[in-house]
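Please treat every number below as a calculation from the coordinates, not as lab data. Computed from a predicted structure; not experimentally measured. Using ideal geometry, Cβ is built from the backbone for each residue, glycine included, and neighbour counts are taken over all protein chains shown.
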Amino acid sequence: MKENAYVEAARSLGVPVSGILLRHVLPNAVRPVFVQLTLDMGNALVAAAGLSFIGLGAQLPTPEWGLMVSVDAQNILNAWWQSTFPGLAIFLTALVFNLAGDILQDAL
C-alpha cells in the first residue's frame, strides 16, 4: 500500500506518517478485511457444524446445529424435520454470509 499513488502524493505534500496511515492506508486496508471476514464466516460455520456432526465439536447438552443433525439423523424416516431444519439453518446462514461477502466486495 505504501507504493500507491495517493500515499506518494500525501508524502510529497508533507503529511506526517501517522496522518497517512490514519487517513489513507487504514480506510483502504479495512475494506478487503471486511469482505474476507464475511466470506470466511460461512466457511467457519460449515466447518464447526461438520466437526460437531462427526463428534469432534460441541457435545450434548450444548445446542449446536451440527450436533442436532447428527443426533437426529437416526430418526430421519420417522421425524424428518428434526434433522432437516437444523441442516437448512446451516445452509441458509452460510449462504447469507457468502452473499453478504459478495455484495460487500461489489460495493467496496
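Numbers for the structure displayed
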item	result
In order through the range 49-55: 3J(HN,Hα) via Karplus (6.51 cos²θ - 1.76 cosθ + 1.60), integer Hz, x for Gly, Pro	5, x, 5, 5, 5, 8, x
Student exercise, the chain dipole from Lys, Arg, Asp, Glu Cβ charges, in Debye to nearest 20	360 debye
Viscosity 1.002 mPa s, 20 °C: Kirkwood-radius Stokes-Einstein D of the range 48-95 over Cα pairs, µm²/s	203 µm²/s
For peptides 74-83, 19-28, sequence by mean Cβ density within 10 Å, most packed first	19-28, 74-83
Cα shape, the chain, gyration tensor, a/c 1.5 rule	prolate
